[in-house]
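Here, each number is a calculation from the coordinates, and none is a lab measurement. Please read these numbers as outputs of a predicted model, since none were measured by experiment. Cβ atoms come from the backbone with ideal geometry, glycine included; neighbour counts cover every protein chain shown.
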Amino acid sequence: MLVHDIIRHHGRVRKGQPALVFEGEVVSYGRLLERVDRWRETLLRAGVRKGDRLAVFSRTNPDYLTLLFAALSLGVWFCPVNVILKKPEIERILGDFSPDLLYADSPLVEVAEEAASRVSPVRGIFTVTEEGELSYRGRKESGASSPEKISPDDVAMVVYTGGFGKRPKGAMLTHENIVSASFFSAVELSLSPADTYLSTFPLPFLAGTGRLMKFFLVGARVVLMDSFDPEKAVRYTKEYGVTHLLLVPQMMKEMTEVLKGRGEKLSGVRQISYSGIVPVQPNVVRECVEVIPADFVQSFAQVESSGVISFLHLERETVEKGESLSGLLSSVGKESVGLEVRVENPMGEELPPGEIGELVVAGATVMKGYYEDPLLTEEKIRDGRLRTGYVASKDEEGYLYVVDRLQDIIIRGGFIIDPSEVEEVISEFEGVAEVAVVGAPDEKYGEVPVALIVPEGGEFAPEKLLTYLKETLASFKVPARVEVVPRLPRNSQGKILKARLKEYLIDRA
């Protein structure tokens, strides 16, 4: 099965059933398929062919999904660009991906064209007309009148992960990866055509598109939000009979506050889900379930595993009782159906229950590799097994516990930050002799980056550095604060001891 087969199937057998709701407009599966086919023909007339690389600048709207299914039906490599990134960051992605073509929403056309002109010449750009149809401006390639055959192992999407380091990392996800992840998750969550999902994450993120795809797979209804707003989320949940919510802890808190302030409950929701490595606080879950009485599912995933690794299922009654809730939430659950998740030592041998090693995943969701980076791919995937970079253990019952990260990353409210990228930018700022960026606990985001600076001498103004960083980096990468320190702790080999710096920040908190 290929990704676009999902819409093609439901567009035929469930053509009158609602697929999407956006800003009050309901789009049936039949209408969605008709629009996908029209856009597919426009792509063909523009000379689009299998293997073309398409960089997509889009907000959350039905156009994004229409383009996704149309492009994937032709074997295009679809690369969503995170438009909240700053120009230098976008240019790094485009420089690595080298797109043949661009797509941009009306407000983003100038941004897309300017970024591409700096790093990579493209054949042309697709935009949407006022009538809602796809339009092309650029050079047309010949010989692409008939689409080539696509196989499940062909690349569907190239998704760039949060931590870039020296160069961006584009995870190549195949049709099989995406369909398998959708199927496994649909089984785990017991989804059906009767369900309605409120999409609270931006579609250009895998958490947005990947999660939504599971509901499309079973022919359910999806309500799109262009951005999260707790008042609107409560209203949509009641108005459209939402059965499934995917929320980060801050979203849970905000919806809880709205409902408690009104003295209301959302009784029709069946599941509240949270996906992340930082455990959600028990009181946040408990208070949320008081006003949204539903089962709670905590999952763990990586882009490189197509957004699926493990699930922790907690029934509403278990959350309400609160007994041992903290201990239960410290686990990321059990391996997903369809996958084998092991804890291994450096030699690749499975460790017995209770012992700590690296979390390793095998199955149909493991990415094809990193785009144009065979060395990193070989390091990350060995014998078909994905080495996640997380240190974990597994108990006798199969529950997984993540205890550390092999990679130096910070996860701020679901956004992955590579500290070395931020450190590199800070080191270029005048007056900085040394810098270390580490994660500090935060009640709102789970973890935030903090920059510790050793100045070259004299006075140093942290506020000037923060102003510079806000102009250079995406907002989620900007340190929550800058602290000036006399020196950074190092070991005998001169390596900065970040664990000690984290302890220092925890003590100061």
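Observations on the model:
- Aspartates and glutamates whose Cα lies under 19 Å from that of K232, excluding same-chain neighbours fewer than 8 positions away: E23, E25, E254, E257, E264
- Aspartates and glutamates with Cα under 13 Å of K260, excluding same-chain neighbours fewer than 8 positions away: E231, E287, E290
- Residues I410, I496, I426, sorted so that the one with the fewest Cβ neighbours within 10 Å comes first: I496, I426, I410
- Full extension of the segment from V485 to E350, taken as 0.36 nm per residue of separation minus the current Cα-Cα distance, would add 44.3 nm.
- Normalised contact order of the chain, rounded percent, pairs of Cα under 8 Å and 6 or more residues apart: 11
- Cα gyration tensor category, rounded, prolate or oblate, for segment 263-376 with a/c compared to 1.5: prolate
- Simple Cβ-charge dipole of segment 379-468, Lys/Arg +1 and Asp/Glu -1, about Cα centre, in debye nearest 20: 440
- For segment 1-56: rounded, prolate or oblate by the Cα gyration tensor [a/c cutoff 1.5]: prolate
- Selected from M255, S106, S185, residue furthest toward positive end of dipole (the chain; charges at beta carbon): S106
- Placing unit charges on the Cβ atoms of the charged side chains and taking the dipole of the chain about its Cα centre, the candidate lying farthest along the positive direction among G276, A440, A46 is A46.
- Footprinting exposure proxy for R53, R490, R405 (fewest neighbouring C-beta atoms within 10 Å first): R490, R405, R53
- The convex hull built on the alpha-carbon positions of segment 179-405 has an orientation-averaged projected area of 12.5 nm².
- Residue-averaged 222 nm ellipticity for the chain, from DSSP H runs of 4+ at -39500 (n - 2.57), nearest 500: -10000 deg cm²/dmol
- Using only side-chain charges placed at the Cβ, +1 for Lys and Arg and -1 for Asp and Glu, the dipole size of the chain relative to its Cα centre rounds to 980 debye.
- The ranking of S326, S73 from fewest to most other beta carbons within 10 Å of each one's beta carbon is S326, S73.
- Note on K464 and R167: their simple-model spin labels are 3.6 nm apart, each label 7 Å out from Cα toward Cβ.
- In whole angstrom, the chain maps to an equivalent ellipsoid with semi-axes of 35, 30, 23, each derived as √(5λ) from the alpha carbon gyration tensor and ordered largest first.
- Net charge contributed by nearby residues that have their C-beta within less than 13 Å of E323 (K/R +1, D/E -1): -1
- Structure note, pairs K253/K380; K368/K444; K214/K334; K86/K444; K87/K149: Cα-Cα distances above 27 angstrom occur for K253/K380; K368/K444; K87/K149.
- Within segment 362-458, the proportion of Cα pairs with more than 16 Å between them is 71 percent.
- When peptides 92-99, 266-273 are ranked by their average number of other Cβ atoms within 10 Å per residue, the highest-first order is 92-99, 266-273.
- Each label was represented as a point 7 Å from its Cα along the Cα-to-Cβ direction; for H9 and V187 these points are 1.4 nm apart.
- Dimensions (Å) - segment 3-150, Cα atoms, principal axes, largest first: 46, 38, 25
- Candidate aspartates and glutamates for bridging to K15, where Cα separation is under 13 Å - those fewer than 8 sequence places away on the same chain excluded: E34
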